[in-house]
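Just below is one structure, and these are the notes that go with it.
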Amino acid sequence: MQENVPRKFFDLATELSINTSTFSINNTINELEANNLYTFKIEERSSFKLTLDDLSADVGVKLIRDKNTNGKLDKGETIAYSNNGGKRAESISKNLGAGNYYIQVSDYDDIETNYRLTVSAVPFDKAGNSFNNARRVALKSRTKSIKDWVGGLDENDYYKFNLNQNSNLNVAIDGLSGDADLRLLDSKGNILASSLNAGSLNEVIAQTLGAGTYYIEVNSYNGSETYYKLKFSASPSSEKIPNSNNTQPIPTSANNTANTGTTTSSPTRASATTSQNANNTRIEAGTLKADTFTYQSGFSRTIFSGNGNVEYGNGILDTLNLSDFAFSSVTFNYADSAQGGVAHDLGNGIRIFDALTLANGSEILFESIEAIAFADNTIYLSETTNDPLFKQQWNLHAMGVHNAWRFTKGSKNVMIGIQDTGLGTNSSGNIHPDLRETNYVGNNYIDESNDFSHGTQVQGTIAATSNNGIGGAGINWISNLIHIDVVGKNPLDYDLATATQGMIDKANAQGKRLVINMSLAGGYTWEFEQLIANNQNNALFVIASGNGNKNNISSPADLAQKYGNVVAVGASWGATNYKGDAKTPGKRISYPEWWGSNYGPGLTLMAPSEFVSSHATGNVSNNSNFQYNDNFNGTSASTANVSGVASLIWGVNPSLSAGQIKAIMSETAYDLENPGYDNKTGYGFVNADAAVRRALALARGFD
């Protein structure tokens, strides 16, 4: 059916970026703007879905295809529509070819209505999505090209090929709009070579191979969605190949790093990466999900870093697979025993690794590994609690807190100060039963709000009573707490400077280091900044970056640009958002229609948001309803996580300065964007286990 729409109307269309992740936008139509028009582009044949709901009146929706004539848009062709009448939701599902499209939302009889438009387009994937169902391809001397995509629910594409003779292989992916990595695998899935360039840079592998079966893996880095063009060829080679049976990796790759010193170089970035160096050391780093690491013989030393694991609560562990060995055949050197473990530098500071030695003398160093599977036994290393909500506390698992607990659960040498709303109390004056004993200044800890107690959620995240059989676990089990109400402008509330001075005085009087959590924005004064400037060594300020979804760190978190004892914290998703939509763990939270984590210069670290914590609702100053909130969100929640982790680090090594605690968390963070610092995610996602191991190394005298 033809739909005559003025060209000018098409020019005013709002451009949408549609991909495999569901995208939503809220809007309004009325008698002055009776039509809303959106445009989007499809790169490859895709399954398109559209929903229009949250209606307050009757609307209709059309899907229009761009009909080009000599490069010009003359008219649009309506290829699908929905008009159910009344307030019923509208929907369209249709397979679309590559091209430009428009969505037209129209009201009925000039009645004003709000609506929510939700769209997605999932390309038809032509590659195999797992090693076992890889797409079979034939390689020849002439370059062959395949176009496909990765990202969202399809993070990996696999291609399988056979070589009948020694061959020079050339593989590349280009045409990237996002970040994808390229790997060459042998017939058992071992990595032979990798290309792990950041961003949309091309990836290239050139390798000489013997006859055998091989695989090409294209991997979406951190869930990045991108189309790619895979180009590959193989020409006969006269070179002798000592490793043609595919039983050992060939140690030649453009991305492997050489090192002539006594320590190894870090992988290109810490996300499911593998590298090796001139010292015959193999290094493998995991993701923020559960990873299985399989030992590969032929190296004098192998190093495994599990990082965090959002899937831990589901019983899926970061596992070291040593199923070819008996438990009794290895010798352990645990890092959590007195002077135990092995000090090693992966390029971001020496830290203490657990170690084991095989019967042949080969050494394995590891950190953030939750289980080791032997042929005859499986041992479990991480700490668990009997708190019934612990399995749901993905925030702890993603940061590796359950691994850091092997070394410390807190210290009396550290005090944690919380500046927030006060704490919810019941008619007996008691705070939430899952919170620990709390100190205060001037009897100012009661929350006077009539809605819910923000401070109760913050304190529950940092320091809920752990292993007590109720609720959830706090990050820090031991350190003393001091809580002051600075939010709400109630008569007894303190300003930031007065609260900070009171906390510093109390910590100094007891000879303790002080972590101050500020899950708030605003309230800056010159007097407050002077307290930060004058307490560089003994007080660490952990402050929320703000929830405006904008390139501007909120005050006072923006002081992180100026002072080494201020940490500005942003918010990251876990495996899903609070609605249950799949997300990339660690990715900055951004809801176009709701809230998002602020970013910009000075942002230091990212940490979890949208998780379970203690909660108090009702008239919280004297009649709280104590419960648990499964969606504590915003950068407030993330800030509480970082404060808890900082207190663990300082407890391991109280001789460190506040600036050193910030530096340790920054250098051991899990990189989320381009390698190193960036304004979107700071230094990366906080890693409690690696940070504690770094502080432990410094405490033992290693630089």
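Show which lysines lie in cross-link reach of Lys160 when reach means a straight Cα distance below 21 angstrom and same-chain residues fewer than eight apart are skipped. Straight-distance partners of Lys160: Lys126, Lys140, Lys144, Lys147, Lys188, Lys229, Lys231. Between Lys412 and Arg45, the simple label model (points 7 Å from Cα in the Cβ direction) yields a spacing of 7.2 nm.
Count the DSSP beta bridges whose two residues both fall in the chain, then state the antiparallel fraction as a percent rounded to the nearest 5.
Numbers: 123 of 175 bridges.
Roughly 70 percent of the beta bridges in the chain run antiparallel, per DSSP.
Within the shell of other residues whose beta carbon sits under 9 angstrom from the beta carbon of Leu96, the net charge comes to +3, with Lys and Arg scored +1 and Asp and Glu -1. Where in region 625-639 does the label zone of Tyr591 land, with the point 7 angstrom along Cα→C-beta and an amide N cut-off under 18 Å? In region 625-639, the label zone of Tyr591 (backbone N under 18 Å from the point 7 Å along Cα→Cβ) covers 629-639. Which helices, counted as full DSSP H runs in the chain, have an axial Cα extent of no less than 15 Å and a Kyte-Doolittle average of 0.5 or above? Long hydrophobic helices here: 635-652, 688-699.
Counting other beta carbons within 10 Å of each residue's own, what order do Ser329, Ser609 fall into, fewest first? Before the final figure, lay out each step's value.
Numbers: Ser329 14, Ser609 30.
Sorted ascending by nearby Cβ count, the order is Ser329, Ser609.
Annotation: amide H-H contacts under 5 Å for Ala180 (H modelled 1.01 Å from N, sequence separation of 5 or more, or interchain): Tyr221. For Lys587, nonlocal amide neighbours, meaning residues 5 or more places apart or on other chains whose placed amide H falls under 5 Å from its own, are Trp573. Modelled this way, with points 7 Å down the Cα-to-C-beta line, the labels at Leu201 and Glu15 are 2.6 nm from one another.
Taking label positions 7 Å along the Cα-Cβ direction at both Glu77 and Asn170, the computed distance is 4.1 nm, reported to one decimal. Taking every DSSP helix (H) stretch of at least 4 residues in the chain, weighting each as -39,500 (n - 2.57) and dividing the sum by the residue count yields a mean residue ellipticity at 222 nm of -3500 deg cm²/dmol.
Under the 0.36 nm per residue contour assumption, what length would be gained going from the current alpha-carbon distance of Lys562 and Thr576 to full extension? Numbers along the way, then the final one.
Details: separation 14, 0.36 × 14 = 5.04 nm, distance 3.45 nm.
Result: 1.6 nm gained on full extension.
Name the long-range amide H neighbours of Asn538: under 5 Å, sequence gap of 5 or more, or other chain; modelled H, no Pro or chain starts. For Asn538, whose amide H was placed from the backbone, the distant partners under 5 Å are Ala658.
Rounded to whole numbers, the Karplus 3J(HN,Hα) couplings from phi for region 96-105 are 10, x, 4, x, 9, 9, 10, 10, 10, 9 Hz, using 6.51 cos²θ - 1.76 cosθ + 1.60 with θ = phi - 60°, and x at Gly and Pro. In this calculation the C-beta distance from Thr384 to Asn321 is compared with R0 = 22 Å, giving a FRET efficiency of 0.55.
Of Asp336, Asp107, how do they rank once you tally other Cβ atoms within 10 Å and put the fewest first? Walk me through the numbers before you get to the answer.
Details: Asp336 16, Asp107 21.
Neighbour counts put them in this order, fewest first: Asp336, Asp107.
Looking at region 488-630 only, what percent of DSSP beta bridges run antiparallel? Nearest 5 please.
Details: 10 of 26 bridges.
Of all bridge pairs located within region 488-630, approximately 40 percent are antiparallel.
Of the labelled figures (i) 81, 76, 44; (ii) 98, 67, 60; (iii) 93, 62, 52, only one reflects Cα extents along the principal axes in Å as derived from the coordinates, namely (i). In plain terms, the residue of Met415, Met606 with the fewest other Cβ atoms within 10 Å comes first and the most crowded comes last, giving Met415, Met606.
Lys and Arg at +1, Asp and Glu at -1: add these up for the other residues within a Cβ distance under 12 Å of Asn321 and post the number.
-4
Between Ser237 and Thr357, the FRET efficiency estimated from the beta carbon spacing at R0 = 45 angstrom works out to 0.70. Backbone geometry of region 481-488 corresponds, through the Karplus equation with coefficients 6.51, -1.76 and 1.60 at θ = phi - 60°, to 3J(HN,Hα) couplings of 10, 9, 10, 10, 7, 10, 10, x Hz, x marking Gly and Pro. On the basis of the beta-carbon distance and an R0 of 22 Å, Thr213 and Thr143 show a calculated FRET efficiency of 0.60. Does region 448-513 come out rounded, prolate or oblate by the C-alpha gyration tensor, with a ≥ b ≥ c the root eigenvalues, rounded set by a/c under 1.5 and, if not, prolate when a/b is larger than b/c and oblate if not? Here region 448-513 falls in the oblate category.
Evaluate the relative contact order of region 390-669 (contact order divided by residue number), counting alpha-carbon pairs under 8 angstrom at least 6 apart; express in whole percent.
Numbers: 725 pairs, mean separation 70.8, N = 280.
Answer for region 390-669 is 25 percent.
Across region 620-626, rounded Karplus estimates of 3J(HN,Hα) from the backbone phi angles (6.51 cos²θ - 1.76 cosθ + 1.60, θ = phi - 60°) give 6, 6, 7, 8, 5, 9, 7 Hz, Gly and Pro being marked x.
Rule-based calculations on the coordinates, nothing more; no lab input. In this text, all values refer to a predicted model and were calculated from it rather than measured experimentally. For neighbour counting, all protein chains shown are included, and Cβ atoms are generated from backbone atoms with ideal geometry for every residue, glycine included.
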